[in-house]
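The values are calculated or read from the model by the stated rules, or taken from the named source; none is laboratory data. Because the structure is predicted, anything quoted here is derived from the model rather than measured. Cβ coordinates were reconstructed from backbone atoms using ideal geometry, including for glycine residues, and neighbour counts include every protein chain displayed. In case anyone asks, the SASA skips ligands and DNA or RNA and just uses the protein heavy atoms, side chains included. Shrake-Rupley method; radii C 1.70, N 1.55, O 1.52, S 1.80 Å.
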Amino acid sequence: MTTAEVGRPRLRKEDSHFITGRSKFTDNIVLPGMLHLAMVRSPFAHARITSVDVSAAKSSPGVVAVLTGSDVAAEQGGLPNVWPITAEQKAPSHPAIAVDEVAFAGEVVACIIARSAAAARDAVELVDVSYDELPVVLDLEEAATDRVLAHTDLESNKSATWVFDSGEAGTGKPVSEALADAEVLIERTFHQQRLIPAFMEPRSTVVDPTGEQITVWSATQIPHILRLLLALTLSIPESKVRVIAPDVGGGFGGKLQVTPEEAITVLAARHTGKPCKYTETRSESLMAAHHGRAQVQKLRLSATKEGIVTGLDVRLLADMGAYLGLVSSGIPILGAFMYNAIYKFPAYRFECTNVFTNKAWTDAYRGAGRPEATFAIERLMDELAVELGMDPLEVRRKNWITHEEFPFATVAGLEYDSGNYEAATAKALELFDYEGLRAEQARRREAKDPVQLGIGISTFTEMCGLAPSRVLGALKYAAGGWEHAQVRVLPTGNIEVVTGTSAHGQGHETAWSQLVADKLGVPFENVEVLHGDTQISQRGLDTYGSRSLTVGGMAVLAAADKVIEKAKVIAAHLMEASEEDIEFADGKFGVRGTDQSTSLSEIAWATFSAHSLPDGFEPNLDSEATFDPQNFSFPHGTHLAAMEVDTETGRATIRKYVCVDDVGVVVNPLIVEGQVHGGLTQGIAQALYEEAVHDDAGTLVTGSFVDYLVPSAPDLPHYTTARTETPSTTNQLGAKGVGEAGTIASTPAIVNGVLDAVRHLGVKDIKMPCSPSRVWAALEEAKMSGGVQ
Amino acid sequence: MASSKTITVEVDDVSHTDDVEPRLLLVQYLRERLGKTGTLIGCDTTNCGACTVHLDGTSVKSCTMFAVQADGHSVTTIEGLARDGKLAPLQQAFHECHALQCGFCTPGMIMQSASLLQENPHPSEQEIRDGLEGNLCRCTGYQNIVAAVQAAADGTMASDNGATETAGVA
């Protein structure tokens, strides 16, 4: 392959309609005769519904119909969880509209269908729902005791327990031995606060039931999965459902779901026979779209006095919230494989118990399980360094897998394809001025400066390219992890690429055009990428988990390879040569040893006109391919944060942030850098700003952007980013994936930095987010308990 | 239902006279009545800034105003920002600096940035960040947005490269 396009910072094809205001977000869609939906939501986190009186709402001006739980129960068999992690997994039924009991504040109890959005919202106030309040259980550890049940029809709040033990799996020693023999034992409990994905575009669904087919436009990351699951849960043949994900305003895992609201909008359209639209408000989104993280991690790490880690035992409780969403139960397990991170642990055990509480359900959020794991181990490595009086970088160097040791079979049972942690770290240190900042830190400590300096380190890897289908099968996930693509050379020689991945800001149209331009030797501008419509892109498994390039992009390349093979047959036929003598380079098919050649567009015309084709050759120059990865890819990097902590106010600010990411071969450096910036911001937000907070009754206190602190421009620093490039060995391009890297690595870097700034003052830990009040309280507590001053 | 009121508003150089309910927000009027769907709604508390437009040349969040308050005024939306078939410098800069990913916050960001540059044609990085405090973005980490505003202020885009023709990019 020539590399004229791959590696080039191409400006995005996607940008034009966004910058001119001609975007096609779902809420922009208006259909003739369209009705509007508004949801009546439970104000209680746990209650029995004793009656729902919709009579006043039904007679409200503009109202066409009102749906309640009993209206839809017969048609909708419950929303899906496709990842039963154990055969014994327990879960409450998950109706689109609650029937007898609500289990979180914000759950839908009725749906108004009206001729205008305003009329629908007016009528929400007129629905009279009577509730008998039930006891709520909100705290995860409290829920695990089963003293209060989140659902009255469950015998326990525990959904399932999943265990990995390296002793039993044969990937390492039993962790019990390592802990028993530990020269140094670090025990810590970390809390992963509940986060809200907070995509900027609220969720929206438009359903047109008129005609032979139901057409669903939805702000979703997963049009193909949504089509399948709507068909399964609503008993509609798949061929009668078309799902279109038009422009989608961010996802971050938060739109990886079959939502109650989507199902209700389909039912409302079916009920009324008219197009229906539902667009949530932001407060509805924060309250009732799924949340992320929400885990308590209990960890024990054993090591020698020299700082060599000998074992890691992880026990975690994962808050599922009130229901299991699409892949909720599997999220902690994605993390199970990452607790050993970039290190050569000889013994490892992981156990997680999924627990129900009376809150919105949790599910995928940027990184999904892997940020939690990386946070825990990177915090523990710092704690080990403190315990041994070593530099935190030195502890990492003693334990990490060296460049020569790849491919490396990890204690968690994965094979890491490639990596060079030394190179990334060296580059990061150089950009950061590590020695200079350590010297400044010492000066500030000496001077008792009210603003202290801390240095936070995070070396990380993640598991991208989700996922080899056989691995998903072994983990009891219901579907595979392949991806599909078509490459069509049109009669003019222009190329259409159809991809099963479904972008929502990742720039697939640009990156896929670059891939195909190089592969087929055609201009970038001549490639058109189509996606996000199940009628156009008929097969796919969509976009999440940094799988688009490493799985979807490889499907595109595989389809393009097939096009070349097919074109060679026609080239030989047209030039009366032997197929074995046809060489393809730079868009030309030549006959070896001659100056004869023909172009892709000439071949495309010949296959289209079909006037003279070899016997049995199918007209048109098309191909399709399905790519199933044989292994994950493992991008990695080193992130360094210099944190200033004002000990008088508790405010922590980022003085400098340097990250070196290794994502293998890069198709478009602009897109990669943009993804890193966005990822960093979300990881920093977990460390410093964001938390979904509920009051004692289970009401979401952070129910608007006034309270849920998505950082804005002045809250963040200028990032210094750089890359090393260690190609993946598991796909033909050598790409590794980048969407989650920044999020995974930055949270521990920031928190390690905050602690490093104030540890000498006696502070041992600070729960996230490290807000001014939390940092200040930790400093005060350290003072009270006689911490070092 | 409250009685309606007749308003006349000039939007992107075209005058519109409409009967509207007093409770109708300006953003709803622009989107639902005039089809100006480039102006987007991301929150209901005036925090996200996706609905930012210009009212008589000054940026306002159109979810914070009623349509009746725009009576007799002039509104510019993202759809009216390009002039004479050319992208505005900020539109070009956002494209060239990869200052958007999902694109949802983009119209509001561009409209707010335009207002910022009108008040302060040569802002520092910190002034740009402070000026965009009322606009939330979840994709870009803001760094490239800041760079785009800086590029537009400095006039350092690769303009006149053909990509500036709105006809060619729309």
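Residues that are part of a strand (DSSP E or B) and either over 27 Å from the mean Cα position of the chain (by Cα) or not acidic (D, E) (or both) within the range A:234-250 comprise A:V241, A:R242, A:V243, A:I244, listed in sequence order. Residue count for the range A:178-201 under the criterion of being open to solvent by less than 10 Å² (accessible area, probe 1.4 Å) and outside any strand (DSSP E or B): the result is 6. So, in the range A:549-584, exactly how many residues are open to solvent by 10 Å² or more (accessible area, probe 1.4 Å) and either polar (S, T, N, Q) or within 38 Å of the chain's Cα centre (by Cα) (or both)? Within the range A:549-584, residues that are open to solvent by 10 Å² or more (accessible area, probe 1.4 Å) and either polar (S, T, N, Q) or within 38 Å of the chain's Cα centre (by Cα) (or both) number 8.
Scanning the range A:63-85 finds one or more residues that are of a type outside the set (K, R) and within 14 Å of chain B (Cβ to nearest Cβ). Where strands (runs of 3 or more DSSP E) sit wholly within the range A:614-720, those with at least 2 residues that are open to solvent by 10 Å² or more (accessible area, probe 1.4 Å), within 30 Å of A:E483 (Cβ to Cβ) and hydroxyl-bearing (S, T, Y) occupy A:621-627. Scanning the range A:732-757 for residues that are out of contact with any Asp or Glu (no Cβ under 9 Å at 6 or more places or on another chain) and either surrounded by fewer than 24 Cβ atoms within 10 Å (Cβ to Cβ) or more than 19 Å from A:S458 (Cβ to Cβ) (or both) yields A:L733, A:A735. Annotation: A:A57 fulfils all but one of (1) touching a helix residue (DSSP H, G or I) at 6+ places or on another chain (Cβ under 7 Å); (2) among the small types (G, A, S); (3) farther than 30 Å from A:A517 by Cα; (4) not in a helix (DSSP H, G or I); the unmet one is (4).
Would you call A:R121 within 14 Å of chain B (Cβ to nearest Cβ) and not acidic (D, E)? Considered against the rule, which asks whether it is within 14 Å of chain B (Cβ to nearest Cβ) and not acidic (D, E), A:R121 comes out as yes. Of all residues in the range A:337-351, exactly one satisfies the criterion of being open to solvent by less than 10 Å² (accessible area, probe 1.4 Å) and within 17 Å of A:G465 (Cβ to Cβ), namely A:M338.
Residues are listed down the side, and each one gets a yes or a no for (1) within 11 Å of chain A (Cβ to nearest Cβ); (2) touching a Lys or Arg at 6+ places or on another chain (Cβ under 9 Å):
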site: B:T45; (1), (2): yes, yes
site: B:A82; (1), (2): yes, no
site: B:P89; (1), (2): no, no
site: B:H95; (1), (2): yes, yes
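Of the strands (runs of 3 or more DSSP E) entirely within the range B:1-102, those holding at least 1 residues that are under 22 Å from B:L136 (Cα atoms) occupy B:52-55, B:58-61, B:74-76. For the range B:127-140, the criterion of being open to solvent by 20 Å² or more (accessible area, probe 1.4 Å) and more than 9 Å from chain A (Cβ to nearest Cβ) is met by at least one residue. Name the residues in the range A:125-146 that are in contact (Cβ under 8 Å) with a residue 12 or more places away in the chain and open to solvent by 60 Å² or more (accessible area, probe 1.4 Å), would you? Those that are in contact (Cβ under 8 Å) with a residue 12 or more places away in the chain and open to solvent by 60 Å² or more (accessible area, probe 1.4 Å): A:L126, A:D128, A:D132, A:E133, A:P135, A:D139, A:E141. Among the residues of the range B:110-124, none qualifies, meaning not one is facing chain A (nearest Cβ under 7 Å), among the polar types (S, T, N, Q), in a helix (DSSP H, G or I) and over 23 Å from A:T720 (Cβ atoms). Scanning the range A:198-246 for residues that are among the hydroxyl-bearing types (S, T, Y) and closer than 18 Å to A:R539 by Cα yields a total of 4.
Going by what's in this entry, would A:A73 be described as of a type outside the set (D, E) and open to solvent by 40 Å² or more (accessible area, probe 1.4 Å)? For A:A73, the condition - of a type outside the set (D, E) and open to solvent by 40 Å² or more (accessible area, probe 1.4 Å) - is met. Scanning the range A:251-277 for residues that are within 14 Å of chain B (Cβ to nearest Cβ) and outside any loop (DSSP other than H, G, I, E, B) returns a single hit, A:K277.
Only one of the numbered conditions (1) closer than 29 Å to A:L67 by Cβ; (2) among the hydrophobic types (A, V, I, L, M, F, W, C); (3) open to solvent by 60 Å² or more (accessible area, probe 1.4 Å) is not met by A:V163, and that is (1). Looking only at the range A:544-555, decide whether some residue is part of a helix (DSSP H, G or I), away from chain B (no Cβ under 14 Å), of a type in the set (S, T, N, Q) and touching a Pro at 6+ places or on another chain (Cβ under 9 Å). Yes: the range A:544-555 contains one or more residues that are part of a helix (DSSP H, G or I), away from chain B (no Cβ under 14 Å), of a type in the set (S, T, N, Q) and touching a Pro at 6+ places or on another chain (Cβ under 9 Å).
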